[in-house]
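Peer 1: Have a look at this one before I ask anything.
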């Protein structure tokens, strides 16, 4: 029985589940990648790695492993194509992240601009999405994901294409920009499994894992979904709570910002939005 | 080293134009002709054509309705009675032969018998069986309404700048008595099937081609500047009367329509082909563009078709500000005689 450690971000559990499905006789141990400054967790990881045969990881802390341990780098699946309106944001002078990490770029802009919920809701339209470039995110998102495969994980072009073409067939494969659906984790798991042992045929059979990333689901806005040929909606699921419609989502978001006592002046999207974003929304408000 | 494919555009290559693309971005339109916002656009054809009618109205173009029903009916009543579903109240026109017949009836070129079917105690116009959901109360009412209707049909052919025709089927039922083509088999909704009076016909690609040429020439004879946009419905046959699998009949029927449309689009000036069929049936969609019955088209699929249609034929005439969203409502209903066959199967009568 081999001992295989899996260390990634919130994809760790799903990836470990896929590998457990493929290698039922091995010990598959999920161990979320620790912050390098978290000495306690790094020490725990070091200890677990001492007798590990393989380490599937997003970080090459190779000083932690002995030479005989097989290291397989895995990319963090990040894809903006379905959710171009999501952004991370800082909420205070200390640059802490907003408590709920995902923010709507449009909602954030509207909150900073002092718009009411009703006025902000008018910004969720096809014309505005088009002007903000939301319909053109797909190709850049594919390139970004490809870089993660090739450069972050050192995988091959063929690995990436096999993954991308397969997950694309299913329509939407992301709950949020960095929470993949099971089909994406399964395809990534297949690639990793082949690197661990390319002789087993179960890799090519149907694989099923539970979806552990469903607490938060960001909708594909219908107007964007139409451009992608997938189903869309305005139903958010935030920390397990369903929110129906743009108006309710904005009410929730604005209240959440207020509850966090966020001064609009300090609320900043990260990365910074391009200048035209402000210009597009300002011109709409003025018109 | 050079080869003939070297300098071709991306759309020539499956890998670039289909494999790598997200399904909603697949755009097979190469030829287009912008529609002016003020030009009168009329629609006719199979059930799928109703999506085009609706979308043209939604984007604020000049969807021409010659038979509007006036102020006689409420909005709900208008929909129920198929006012505005097409430019005149002709119902679904599944075959090009049916379209020629409509033209000839409207302009008194060819005479047909009354072709009135009974439906319980009411009467059905066999040329457009579902126009009145419960049928007409009397034959006189039916004939009176038919006269008004045919006048409006003349208006459509004479005054339209564009006719968008969606080719649906090659299979049809015909009267042995006067050659009339029906949109649905006698007996399915009114009337009674009788082997002595009715016969099945499946138009070949040559028949469809000849009929398309005849139809275009007839239309142009009274409206020489008319532009025609042809498209093929992606909706599979609800049933085939040929002794073969319905899947094979669907493939052959659609192939005949596609070939004929392609040929006339090359032959005639201002006759354009729009690839609705290809967009909906593209393997990149993984079946997402079909409902669970694997026949009706989903709102996502219709949205894709309308997006491509708007981008190539309508968008240059619309300012960005006024461009309404073409996202199609999930509840968009389509009136389809052919669907009656499926309903009959579900009810156990077939």
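The values are calculated or read from the model by the stated rules, or taken from the named source; none is laboratory data. Note that the structure is predicted; figures quoted are calculated from it, not measured. Quick reminder, even Gly has a Cβ in these numbers, built from the backbone with ideal geometry, and neighbours come from all protein chains shown.
Peer 1: In the range B:31-53, how many residues are within 14 Å of chain A (Cβ to nearest Cβ) and in contact with a strand residue (DSSP E or B) (Cβ under 7 Å, 6 or more places away or on another chain)?
Peer 2: Summing the residues that are within 14 Å of chain A (Cβ to nearest Cβ) and in contact with a strand residue (DSSP E or B) (Cβ under 7 Å, 6 or more places away or on another chain) in the range B:31-53 gives 0.
Peer 1: Do you know which of the residues in the range A:117-141 that are within 17 Å of residue A:278 (Cα to Cα) and away from every other protein chain (no Cβ under 12 Å) is surrounded by the most Cβ atoms within 10 Å (Cβ to Cβ)?
Peer 2: A:120
Peer 1: Taking the options A:113, A:194, name whichever one is away from chain B (no Cβ under 14 Å) and under 26 Å from residue B:19 (Cβ atoms).
Peer 2: A:194
Peer 1: Among the residues of the range B:282-309, count how many are within 16 Å of residue B:23 (Cα to Cα) and either away from chain A (no Cβ under 14 Å) or in contact with a strand residue (DSSP E or B) (Cβ under 9 Å, 6 or more places away or on another chain) (or both).
Peer 2: Total satisfying the criteria: 8.
Peer 1: Which condition does residue B:60 not pass, out of (1) under 22 Å from residue B:310 (Cβ atoms); (2) exposed (fewer than 15 other Cβ atoms within 10 Å of the Cβ); (3) touching a helix residue (DSSP H, G or I) at 6+ places or on another chain (Cβ under 6 Å), if it passes all the others?
Peer 2: For residue B:60, the failing item is (3).
Peer 1: Let me ask something else about it. Find the strands (runs of 3 or more DSSP E) located wholly in the range A:198-271 whose residues include 1 or more that are touching a residue at least 24 places away in the same chain (Cβ under 8 Å) and away from every other protein chain (no Cβ under 14 Å), and list them.
Peer 2: Per the criteria, A:235-238, A:268-270.
Peer 1: Would you check if residue B:334 is under 20 Å from the mean Cα position of the chain (by Cα) and at pLDDT 90 or above?
Peer 2: Judged against the criteria, residue B:334 is not a match.
Peer 1: Checking the condition at pLDDT below 95, outside any helix (DSSP H, G or I) and closer than 30 Å to residue A:263 by Cβ, which residue from A:101, A:83 passes?
Peer 2: Residue meeting the stated conditions: A:101.
Peer 1: Do the conditions hold for residue B:230, that is, is it in contact with a strand residue (DSSP E or B) (Cβ under 8 Å, 6 or more places away or on another chain), touching a residue at least 60 places away in the same chain (Cβ under 8 Å) and not in a helix (DSSP H, G or I)?
Peer 2: In short, yes.
Peer 1: Just checking, which of B:73, B:123 is touching a helix residue (DSSP H, G or I) at 6+ places or on another chain (Cβ under 9 Å), more than 23 Å from residue B:230 (Cβ to Cβ) and not in a loop (DSSP other than H, G, I, E, B)?
Peer 2: Residue meeting the stated conditions: B:123.
Peer 1: Here's something else I'd like to know. Which numbered condition trips up residue B:28, out of (1) within 14 Å of chain A (Cβ to nearest Cβ); (2) modelled with pLDDT of 90 or more; (3) in contact with a helix residue (DSSP H, G or I) (Cβ under 7 Å, 6 or more places away or on another chain); (4) not in a loop (DSSP other than H, G, I, E, B)?
Peer 2: The failed condition is (4).
Peer 1: Among the numbered conditions (1) in a helix (DSSP H, G or I); (2) crowded, with 22+ Cβ neighbours inside 10 Å; (3) modelled with pLDDT under 95, tell me where residue B:79 comes up short.
Peer 2: Result: residue B:79 passes all but (2).
Peer 1: Among the candidates A:174, A:155, which residue alone is over 26 Å from residue B:27 (Cβ atoms), touching a helix residue (DSSP H, G or I) at 6+ places or on another chain (Cβ under 8 Å) and crowded, with 20+ Cβ neighbours inside 10 Å?
Peer 2: Every option except A:155 fails the conditions.
Peer 1: For the range A:177-216, give me each residue that is surrounded by fewer than 19 Cβ atoms within 10 Å (Cβ to Cβ), under 24 Å from residue A:243 (Cβ atoms) and touching a strand residue (DSSP E or B) at 6+ places or on another chain (Cβ under 8 Å).
Peer 2: Within the range A:177-216, A:214, A:215, A:216 meet the criteria.
Peer 1: Considering only the range B:178-227, state which residues are on the phi > 0 side of the Ramachandran plot and without any contact (Cβ under 8 Å) to a residue 40 or more places away in the chain.
Peer 2: Scanning the range B:178-227 gives a single hit, B:187.
Peer 1: What single numbered condition from (1) within 16 Å of the chain's Cα centre (by Cα); (2) more than 30 Å from residue B:177 (Cα to Cα); (3) modelled with pLDDT under 90 fails to hold for residue B:47?
Peer 2: Among (1) within 16 Å of the chain's Cα centre (by Cα); (2) more than 30 Å from residue B:177 (Cα to Cα); (3) modelled with pLDDT under 90, the lone unmet condition for residue B:47 is (2).
Peer 1: Only one of these conditions is not met by residue B:139: (1) more than 27 Å from residue B:78 (Cβ to Cβ); (2) surrounded by fewer than 22 Cβ atoms within 10 Å (Cβ to Cβ). Which number is it?
Peer 2: Just one mismatch for residue B:139, condition (1).
Peer 1: Scan A:149, A:160 and give me the residue that is farther than 21 Å from residue A:274 by Cβ, over 16 Å from the mean Cα position of the chain (by Cα) and not in a strand (DSSP E or B).
Peer 2: When all the criteria are applied, what remains is A:160.
Peer 1: Of everything in the range B:276-290, what is crowded, with 23+ Cβ neighbours inside 10 Å and assigned to a loop (DSSP other than H, G, I, E, B)? Give them in sequence order.
Peer 2: Passing the criteria: only B:289.
Peer 1: If I filter the range B:3-16 down to residues being away from every other protein chain (no Cβ under 14 Å) and part of a helix (DSSP H, G or I), which single residue comes out as farthest from residue B:56 (Cα to Cα)?
Peer 2: B:12
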